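Reading through the structure tokens given below for one structure.
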Amino acid sequence: MQTNFSPQQLADPEIQVANDILRSCVHCGMCTATCPTFVTLGDELDSPRGRIYLIKDMLENDRPAAEEEVLHIDRCLSCLSCMTTCPSGVDYMHLVDHARVHIEETYSRPLADRLLRDVLARILPYPRRMRLAMRLASLGKPFAPLFTGDHVLVRRLRAMLDLAPSRLPAAQNLAGTVHSPSGAVKGRVALLAGCAQQAIAPSINTATIALLNRLGVEVVVPQDAGCCGALVHHMGRHDEALAAARANVAAWADDSLDAVLVNTSGCGTVLKDYGFLLRHDELAGQAAKISAKTQDISEYLLKIYEPARPPPDLTVAYHAACSLQHGQKITAAPKTLLRKAGFTVVEPKDPHLCCGSAGTYNIMQPEIASALRRRKLDTLRAKSPDLIAAGNIGCLTQLAGDGVPTIHTVELLDWMAGGAPPPALAAALKPPR
Ligand code: SF4
Ligand code: SF4
């Protein structure tokens, strides 16, 4: 694609990156067929190619974002399905990240929108605040049917209440803890404990640590590591995202760590991008090291996992989180591990399509998110599974509540390696033989 940035514009290294990305697009349109928003809405401006044109126009003309660009870029899930499909290797992720920062810096959103985004940015990355918000949402959940208006704020409030769990699990605070195996130590890793995940499903971290310990791996959760920054990063809140990344890079500056493990694939994609995000920072070298050390839990387990129980006679529909399959290009490892653990693994039609979770997307774009959820659940249920497994808390929450238990892959692996059954399975399924 031809671009027309001025030499002055190209002196800005961020514009130079955007220019290189734009020029790599040959506007073939192959990405449109696998873009969930284009598939759902059928509008070229809600396709990757359409968004690339909008971003090009906005940046080349060096003007504030306009309502049309904000509408269509806000509707992008950042699922990165387009990057998997694109034959020209267009780095859409960094282009849309740049566009989001530009929007945040130049566009004045309506008051209700601004307030909600502020509230989400101040609550979701902090487990204690998140827990308090979830407690309030749980109390408000029975009243969700009363929120019937069509105002955008009402629709978003309804979406939040729908997503809230009816009951809160016990609180978990892993900061500053070390978990050693009972036998010989064969490895040492840091675990990103996560923010929202700690509040919604602490059993995922419990199972991760138990499984790693059982396999002889020591797990540390440094005191000062916190949210990965993905939630604010996807809102275009650049400074907050960089602050989160810096804090984590400093917290994991420990050469005795073999890896930084992530069991929330949305966070893993961002950690693997810390090297790029902090490339102009004084922590650039350390950030690149952390990105290189970051592994999804399924990548790490692939080399060492051994089951200890007999096969459970259960069919698992594996839902590939976009951040895992498109963001990190990890497709086989979780399925290989589940099969090794003894599960029968099935996959839905169109596994490349997003379930509509995407961070805060299911709150901010409830109609599109709901359509994608229904489509994904229909294709998963068509395989008659006993349960649905995924490697990302956002997807598990999005797909919950439809009669099929949704369980993190690592909880199933831990169970089959001798651990406790995942709480979501309780009483729902046939016990293992
Ligand atoms: S598939 Fe790649 S090159 Fe083709 S239009 Fe989409 S982003 Fe551009
Ligand atoms: S990231 Fe996903 S929603 Fe956004 S343009 Fe690409 S395929 Fe479409």
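Residues being within 14 Å of ligand 2 (Cβ to nearest atom) and either in a loop (DSSP other than H, G, I, E, B) or among the charged types (D, E, K, R) (or both): count how many of those fall in the stretch 57-87.
9
Counting only residues that are free of Cβ contacts under 8 Å to residues at least 40 places away in the same chain and closer than 23 Å to R167 by Cα, give me the strands (runs of 3 or more DSSP E) lying completely in the stretch 340-433 with at least 1 of them.
The qualifying strands (runs of 3 or more DSSP E) are 406-408.
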> Just checking, how many residues over the stretch 77-95 are open to solvent by 20 Å² or more (accessible area, probe 1.4 Å) and within 11 Å of ligand 1 (Cβ to nearest atom)?
Replying inline: 8
> If you check R381, R374, which single one turns out to be open to solvent by 20 Å² or more (accessible area, probe 1.4 Å), of a type outside the set (G, A, S), at pLDDT 95 or above and closer than 17 Å to R158 by Cβ?
Replying inline: R374
>> List the residue pairs whose Cβ atoms are under 6 Å apart, where the first residue sits in the stretch 200-223 and is among the acidic types (D, E), the second is surrounded by fewer than 22 Cβ atoms within 10 Å (Cβ to Cβ) and outside any strand (DSSP E or B), and the two are 6 or more positions apart or on different chains.
In response: E218/S180; E218/V185
>> Checking the conditions here, which among D62, D74 is away from ligand 1 (no atom under 15 Å from the Cβ), closer than 22 Å to A11 by Cα, open to solvent by 10 Å² or more (accessible area, probe 1.4 Å) and touching a residue at least 12 places away in the same chain (Cβ under 8 Å)?
In response: D62
> Among the residues of the stretch 1-11, is any under 30 Å from N392 (Cβ atoms), out of contact with any strand residue (DSSP E or B) (no Cβ under 7 Å at 6 or more places or on another chain) and not in a helix (DSSP H, G or I)?
Replying inline: no
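Take Y126 and tell me if it is within 16 Å of ligand 1 (Cβ to nearest atom), surrounded by fewer than 22 Cβ atoms within 10 Å (Cβ to Cβ) and either of a type outside the set (S, T, N, Q) or under 30 Å from G226 (Cβ atoms) (or both).
no
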> If you check G327, G266, which single one turns out to be modelled with pLDDT under 95, open to solvent by 20 Å² or more (accessible area, probe 1.4 Å) and within 19 Å of the chain's Cα centre (by Cα)?
Replying inline: G266
>> If P125 meets every condition in (1) of a type outside the set (F, W, Y); (2) touching a Leu at 6+ places or on another chain (Cβ under 8 Å); (3) part of a helix (DSSP H, G or I) apart from one, which number is that one?
In response: (3)
>> I'd like the full set of residues that are under 16 Å from R100 (Cα atoms) and within 13 Å of ligand 1 (Cβ to nearest atom), limited to the stretch 2-46.
In response: I21, L22
> If we scan the stretch 213-233, do we find a residue that is open to solvent by 30 Å² or more (accessible area, probe 1.4 Å), in a helix (DSSP H, G or I) and at pLDDT below 95?
Replying inline: yes
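The values are calculated or read from the model by the stated rules, or taken from the named source; none is laboratory data. Predicted model, so just to flag it, every value in this text is computed and none were measured. For neighbour counting, all protein chains shown are included, and Cβ atoms are generated from backbone atoms with ideal geometry for every residue, glycine included. Note: areas computed on protein heavy atoms with side chains; ligands, DNA, RNA excluded. Shrake-Rupley method; radii C 1.70, N 1.55, O 1.52, S 1.80 Å.
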